[in-house]
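What follows is calculated from the coordinates using simple rules that are stated; it is not laboratory data. Since this is a predicted model, take the numbers as computed values, not measurements. Methodologically, a virtual Cβ is constructed for each residue, glycine included, from the backbone with ideal geometry; neighbour enumeration extends over all protein chains shown.
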Amino acid sequence: MKARVRDTALALAAVSTAVSLTACGSGSGSTSGAGDARKISVLLPDSTTARWETQDKPLLEQRIRQLCAACSTEHANAKGDVAIQQEQMDSSIADGVDAIVLTAVDARAMGPSVGKAAAAHIPVIAYDRLVEGPISAYVSFDGQEIGRLQGRALLTAMGAKAHGGRIVMMNGDPGDPNALSFKQGALSELRGRVAIAKEYDTPQWAPEAANRNMSGALSALGADSIDGVYAANDGLAAGSIAALKADKVTPLPPVTGQDAELAAVRRIVSGDQYMTVYKPFGPEAAAGGAMAVAAARGQRLDGVATRRVKTRSGAEVPAVLLTPVSVILATIESTLVRDGVYTLEQICPPSLAGDCHKAGLT
C-alpha cells in the first residue's frame, strides 16, 4: 500500500514538473497577461457521483487559474443526459472557447460532438473517460487496475468462500468505457475462483437501480446464496447495501466500491462496506488542467503527458494514466487522512464513535 501511495505522489510530482515547464516556456505560454486570456469549458457528466462537483470541478478550475491567471472557465453539468451534454458542447463551440475538458455521459454518443469541436479547431481533453472522436489528449486512472484492486479485495474479504462462492456483480454504466475496464480488471481476478450468480449493468451509475437489482437478486437467489458483492463504485455499493439491509441480511456480505466518497468511508468504518478505491483527484485535475491550458495556448501536450493511448479509431494521443489506491479499514488513516482528503473528525461523527475507537481512528 505504501508503495502505491508513493507511486501516486511521484506521478503528481512528475505532472507538476511538466506543468511548470509548459507554463514557463518561451513563446505564447510564457506569460499570463491580458494577451494570454483563454476560455476553457469544463463539461461534467452527472451529479449522481459526488466527486464531479465536489472534487473535480474546483480542482480543475484551481489548476487552470494557477497556470493561467488570465484564463476563464465555463462549467456545465449534463445531469446524466446525453442530449443536454451535446447541447452544452454546441454552446461551447458557438462561444468560441479555446479548449474543452470533457467527461462524457456516453462515450460513443458524444463522438460526433467531439468531431464538431475538432472541425472548429477546438481541442478536446477527454477527462476520466475515453470519449470517441478526434480528442487531443486523455487523462484518467488505469481502469483495469481499479477492477483488479476491487476483485482482489473481494476475494480477500470472502475468505474460504473465495473458492467456489457466489457473487453478484453490480457493473457501471454501459455507456461509460471505464465501466468495461473495471469489469475486465475485476474478472481477471474473479473468473475461475467464484461463481457469478447474477450480473447487472447500471445506466447512469444510478444507486436506485443497484438497489432494485440487488432486491431482485435476493429474491431470485436467497440471502444465504450471496457470498460477496462486486459494486463498481460507491454509489452502487450504497444502493446494494440498502437492499441487503432492507432484506435483513446479516451478516452483510463484503461489498466493494470506488471513489472514496465520505459516506463510503463511513460505511467501511461501520462494517457495512469492505473497501473502496481512492483515485487521488488532485493529480488527475492537475494533469487535466495543465493539458487544457497548454491546448488552449496551442502548445504541444507531450510536455504534460507521460504516456500515449490508442483511441477507438486507432489514433494515438498524449495521455496521463494515474495509479489508483485500494482503501480498507486498516488503511484509511495512511491514505485518505494522510493525503488530506478527509479529517478524522469528518470520518468519525458521534454516531460512529464506537466503531472509530475500535478501529484505532480516535
- prompt: With Cβ to Cβ distances under 14 Å as the rule, what net charge do the other residues near R65 carry (K, R +1; D, E -1)?
  reply: +1
statement: Summed over the other residues with a beta carbon less than 10 angstrom from that of V105, with K and R at +1 and D and E at -1, the charge totals -3
query: How long is the range 199-346 along each principal axis, judged by its Cα atoms, biggest number first, in Å?
result: 58, 41, 20
task: Over the Cα atoms of the chain, compute the convex hull volume and normalise it per residue, giving Å³.
output: 130 Å³
- line: Given 229-235, 172-178, the highest-first ranking by average Cβ count within 10 Å works out to 229-235, 172-178
query: Where both residues lie in the chain, what percent of DSSP beta bridges are antiparallel, nearest 5?
result: 20 percent
task: Would you list which lysines come within 17 Å of K39, measuring only between C-alpha atoms, while excluding same-chain residues fewer than 8 positions from it?
output: K57
- prompt: What FRET efficiency, computed as 1/(1 + (r/R0)^6) with R0 = 22 Å and r the Cβ-Cβ distance, is obtained for D90 and E53, rounded to the nearest 0.05?
  reply: 0.50
query: Using the Cβ atoms and a cut-off under 12 Å, what net charge is assigned to the surroundings of M158, where Lys and Arg are +1 and Asp and Glu are -1?
result: +2
The chain: relative contact order in percent, alpha carbon pairs under 8 Å with at least 6 residues between: 19 percent
- prompt: Helix by helix, which DSSP H runs in the chain go 27 Å or more along their axis at the Cα atoms and have an average Kyte-Doolittle hydropathy of -1.0 or more?
  reply: 2-24
- prompt: How high is the relative contact order of the range 150-196, given as a whole-number percent (alpha carbon pairs under 8 Å, six or more residues apart)?
  reply: 56 percent
Nearby aspartates and glutamates by direct alpha-carbon distance to K279 (threshold 16 angstrom, same-chain neighbours under 8 apart not counted): D7, E53, D56, D128, D142, E145, D234, D259, E261, E333, D339
query: Can you sort V341, V327, V168 by how many other beta carbons sit within 10 Å, fewest first?
result: V341, V327, V168
